[in-house]
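Read through the structure below, which is laid out as structure tokens, and then see the notes.
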Amino acid sequence: MIASIGVIGGGQLGRMIALDAKRMGYHVIALDPQEHSPCGQVADEQIVADYTDLDAIEDLGNRTDVVTYEFENIHIGSVRLLEERGFAVSPSSKVLEITQDRLREKAFVRASGVPTTDFEAIERPDDEAQAAMTIGFPAILKTSRGGYDGKGQWRVEGTSAVRSIFAEQHGVPLIFERIVNFAKELSVISTRSAGDDVVSYPVAENMHEHGILITTIAPARIDNDVAARAQAMAATIGRRLGIVGTYCVEFFLTRNDELLVNEIAPRPHNSGHYTIDATQCSQYEQHVRAICDLPLAPPRLHANVVMMNILGTGTGDHLMGVDQLLEDPSIVLHLYGKKHAVARRKMGHFTMLVDGPVDDAVLKRAHDAHALLHWE
Ligand code: AMP
């Protein structure tokens, strides 16, 4: 029987996993280098250690019944060590190996019969010639590993830019992608159990600014057949990965209703925050259920929803305007307990729950509510 859960990574996703796990009676131990991390604040205990500290990782394995992680840029050696020592860890190192690397991930998605954005690998200085020929410019260049929230990403207009970025990055592999003139960005949050059940929440529609998620609408304003195709693709990917837990597949929807996978996150995802307030079982609880081998719950929405991220601006650490924000009874506020509201840092989010469809008037209300907030 599983009574305790270890979470590698102390950010907001870990915090939300821990909050649901605590409600379900589990003992939770977080591992993060930063003391009083967002997850550590709500967990029973926190091991303060680096993700590469294998002694600390083994300690976490010894003290819990199952270990999970809340972001994919952790040291893969940690997950392998836990597996070698016979500790339960979900998702597996095989899943992490694929999803940590954009090149490997896209090749995997294609091999699963699911379309992706066109891409070429830039692994040697000369590779840019091939990429320029097959894909052309302008294009998006991304580090194959380690990037997130628009970091490690450049729009490039010509081969000299590619060469200088490759040199600046000390020759780490890059992925060269065709810029997709998408109609919408979508994501599907799914959970797969060890018994191969897959449940998928309604498709979410996402809006980004400078590579960082700002707004999610659920359900997405798309045709039912597009939604069904996106969910089927997400289920195929989850099954082919053999993942146990919650994961996210991000898509571009082209103007011809074609779905192209942009990336996979092997963990709960920012675009699934809406499931906390708008469903009976959040993506976090679903994750806990999967890794603890409990039945999955129906992913039904009981309200339509807009989620907006609250980012730091670097102008102060106190969030002002909360009293006015909460005058709207349809809003639920979540703050992550981060001390410093550094510019572009994800500090919290709110969800606006509505009965009818999310139309332009609802979106405007959400944006107006968001504009009430500022940091001093
Ligand atoms: P990613 O880190 O790959 O999720 O990229 C962050 C955001 O940058 C995406 O959500 C898109 O808004 C944008 N983006 C990334 N790749 C592309 C692409 N190939 N074409 C158009 N926009 C992109």
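The values are calculated or read from the model by the stated rules, or taken from the named source; none is laboratory data. Not measured: the values here are computed from a predicted model. Here Cβ is always computed from backbone atoms with ideal geometry, including for glycine, and neighbour counts include all displayed protein chains. Protein only, heavy atoms only, side chains kept; ligands, DNA and RNA dropped before computing areas. Shrake-Rupley method; radii C 1.70, N 1.55, O 1.52, S 1.80 Å.
Counting only protein heavy atoms and using a 1.4 Å probe, what share of the accessible area of the chain belongs to carbon plus sulfur, as a whole percent?
50
Of all DSSP beta bridges located in the chain, what percent are antiparallel, nearest 5?
Percent antiparallel among DSSP bridges in the chain is about 80.
Take the Cβ-Cβ distance between Asn62 and Arg155 as r, set R0 to 45 Å, and report the resulting FRET efficiency rounded to the nearest 0.05.
Efficiency for this residue pair is about 0.45.
Would you look at the GNM of the chain, springs on alpha carbons closer than 10 Å, and say which of Gln324, Gln231, Gln153 moves the most?
Gln324
In the chain, with Lys and Arg counted as +1 and Asp and Glu as -1 at Cβ, which of these residues, Met320, His287, Ala204, has the Cα nearest the positive end of the dipole, that is, farthest along it?
Ala204
Take the alpha carbon atoms of region 341-355, find their center, do the same for region 19-35, and report the distance between the two centers in whole angstrom.
22
Which whole-angstrom value gives the distance between the alpha carbon centres of region 245-282 and region 104-127?
Spelled out, the Cα-based centre of one part sits 20 Å from the other.
Among Arg102, Arg23, Arg344, which one shows the biggest mean-square fluctuation in a GNM of the chain, springs joining Cα atoms closer than 10 Å?
Arg23
Any chance you could list P(r) for the chain, counting all Cα-Cα pairs in 10 angstrom bins from zero, rounded to whole %?
5, 23, 32, 27, 11, 1
So, with +1 on the Cβ of K and R and -1 on the Cβ of D and E, and no other charges, what is the size of the charge dipole of the chain about its Cα centre, to the nearest 20 debye?
380
If a paramagnetic tag sat 7 Å from the Cα of Asn256 along the Cα-Cβ line, which residues of region 94-125 would have the backbone N under 18 Å from that point?
Of the residues in region 94-125, 114-119 have backbone N under 18 Å from the label point off Asn256.
Taking only C-alpha pairs under 8 Å that are 6+ residues apart, what is the relative contact order of the chain in percent?
Once divided by the residue count of the chain, the mean separation gives 13 percent.
Let me check something: with ligands and nucleic acids excluded, how do Tyr201, Tyr148 order by accessible area (1.4 Å probe), largest to smallest?
Sorted by accessible area, descending: Tyr148, Tyr201.
Whole number in Å², please: accessible area per residue of the chain, 1.4 Å probe, ligands, DNA and RNA not counted.
Ligands and nucleic acids excluded, the figure is 42 Å² per residue.
Note down the magnitude of the dipole of region 22-166 about its Cα centre, charges +1 on Lys and Arg C-beta and -1 on Asp and Glu C-beta and zero elsewhere, to the nearest 20 debye.
Using Cβ point charges on Lys, Arg, Asp and Glu, region 22-166 gives about 540 debye.
Please list, or write none, the lysines whose alpha carbon is within less than 26 Å of the alpha carbon of Lys106, excluding same-chain residues fewer than 8 places away.
Lys94, Lys142, Lys151, Lys184
Can you tell me the relative contact order of region 118-178? Whole percent, Cα pairs under 8 Å, sequence separation 6 or more.
50
Taking amide H positions as placed 1.01 Å from N in the peptide plane, with prolines and chain starts having none, which residues 5 or more places from Val305, or on another chain, fall under 5 Å of its amide H?
Ala218, Val354
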